[in-house]
1. Placing +1 on the Cβ of each Lys and Arg and -1 on the Cβ of each Asp and Glu in the chain, which of P218, T84, S123 has its Cα farthest towards the positive end of the resulting dipole?
2. Spelling out what I want: for every residue of the stretch 140-146, take phi, set θ = phi - 60°, compute 6.51 cos²θ - 1.76 cosθ + 1.60 (Karplus), and round to whole Hz; glycine and proline get x.
3. Normalised by the residues of the chain, what does the relative contact order come to in percent, with Cα pairs under 8 Å and at least six apart?
4. Roughly how big is the stretch 2-252's charge dipole about its Cα centre, with Cβ charges of +1 (Lys, Arg) and -1 (Asp, Glu), in debye to the nearest 20?
5. Hydropathy first: keep DSSP H helices in the chain averaging at least 0.5 on Kyte-Doolittle, then drop any whose Cα extent along the axis falls short of 27 Å, and list what survives.
6. Just to verify a number: FRET efficiency for R10 and R300, C-beta to C-beta distance, R0 = 45 Å, to 0.05?
7. If you take every DSSP beta bridge fully contained in the chain, what fraction is antiparallel? Give it as a percent rounded to 5.
8. Counting pairwise Cα distances across the chain, what percent come out greater than 34 angstrom?
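Every number here is computed from the coordinates shown, using simple stated rules; none is lab data. Everything quoted here is computed from the prediction, not taken from an experiment. Neighbour counts are summed over all protein chains in view; Cβ atoms, including those assigned to glycine, are modelled from backbone coordinates with ideal geometry.
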Amino acid sequence: MVEREAGIRRVTFALPLGIDHVHCYLLPASDGGWTVVDTGLGLPDAAEHWGRIVDELGAPVTRIVITHFHPDHVGAAADVAALTGAPVNQGADDYDQCVRTWGEPRNEERMPEYLRVHGVPASDIESFRREAAAFVRLVRFARDPVLLAPGDLVDGWEVLHLPGHADGHLALLRDGILVAGDTLLAAITPNVGLYPDSRPDPLGDYLGSLERIADLAPRLALPGHGEVIEDPAGRARELIAHHAERLEHTVDALDGRPQSAYRISFLLFPDPLSPTLRRFALAETRAHLEYLVRRDSARRVDEAERVSYAAAG
């Protein structure tokens, strides 16, 4: 399917994460070369894998585009740039967040403090510290990229800002084809979490992005994970309905007693989860809670060492 669409090629890399793969895309360029969209995780053999891919292309890679700063999308950007000599293109806001998250110096206590304030047990916070140290070594982003802004054209592809899954998430649109990154996924819902230093209402942002996709009605979406989406507008509307239902469940989980977002996450995501996936559940729970707070449908209780949530009024 992908290879039949305007000569676009998809390459898939295995991931040692909760999701087991990530897709990157190769778009034929007007200069006779290729545009690479996303680069996968910076595993030790990333450059070797990309070397084989580039050798088989038959034409040079002339630019690299990053949809967002998450490690499975930006992690090997510096490797691919060094291998091909191609410039990396990244959104200005996304690059700033990339540097804060993965660059030096960084505030290594910001996330542990966030987890503690929202009720995460000390043992899981220590697990996060170990995991974060490992991830930093797997992210080799490119310094000083070509900065993109919404509405820019990259070899005829329009740059769209579709925040929610990541604050600065970009997608590319041309001739009805949306290179969607993680904005749309066919079989699962993209994580929409509220993290330190992020925009204050990621769920509101994401619902706006989904409405925009529904309005644009591309005929095909190429996602960062899973299968090609043949009805992107329909899938966007499904995700809007999903989050409406999740918001109802969030309201139902609240009462007059203040509860931590961590505790509420077990009501919204009751299945047993690893510490890593539980942290994703916490961040998504917070995104839904803060969406309600900002619309006077829930109440946040701020204390010196703790943040809790309760029913409105």
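1. Working it through, the farthest residue towards the positive pole turns out to be S123.
2. Running phi through 6.51 cos²θ - 1.76 cosθ + 1.60 with θ = phi - 60° gives 10, 7, 8, 6, 6, x, 5 Hz.
3. The normalised contact order for the chain reaches 14 percent.
4. 300
5. Within the chain not a single helix satisfies the rule.
6. 0.60
7. In the chain, approximately 65 percent of DSSP beta bridges are antiparallel ones.
8. Beyond 34 Å sits 23 percent of the P(r) for the chain.
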